[in-house]
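Every number in this text was worked out from the coordinates using simple rules, so none of it is lab data. Keep in mind the model is a prediction, meaning the values are calculated, not measured. Glycine also receives a Cβ, built like all others from the backbone with ideal geometry; neighbour counts cover every protein chain displayed.
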């Protein structure tokens, strides 16, 4: 049974990740293109996902992204996470993974926007960071669209398909998110 809706947007909902969701992201980890963009080298292992599920707490929020198609039990197409939440310092990291067949549908942008509203609004965080690989053009485009600034590059940090690629670090401040919301 799917978890309860946590955040709702115009086209997507974000609901809690539950045991019934284990395995739904396997196609993303098994797709060589997606796996390489994430810097993942091994096959999907449910045990690792189960361990991650059991680690969810106030410092790690994991939400399944579901398109709103009128279904009573929405099917997940991606996972958004807000993790390493440090309330004292007011910071966290955001991550996302999506099934390969939903690329280009705008779900990442809307889902991440909802998560950022939550991070800056409800959690009152000061900054959110995100890390991706230089070869992950879809993630880089989404982060830029959301207003993230490229803050750093770790050269040749990860091996992807036999080649060393750079890791990119992005950041977004609450004041920049507030500004981006008023510009639309």
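Some notes on this structure:
- Complete set of residues in segment 131-148 that are surrounded by 13 or more Cβ atoms within 10 Å (Cβ to Cβ) and not in a loop (DSSP other than H, G, I, E, B): 131, 132, 133, 138, 139, 140, 142, 143, 145
- Test: residue in segment 84-91 that is touching a residue at least 12 places away in the same chain (Cβ under 8 Å), more than 20 Å from residue 29 (Cβ to Cβ) and out of contact with any strand residue (DSSP E or B) (no Cβ under 9 Å at 6 or more places or on another chain): yes
- Residue match in segment 89-96 (condition: at positive phi and buried (at least 16 other Cβ atoms within 10 Å of the Cβ)): yes
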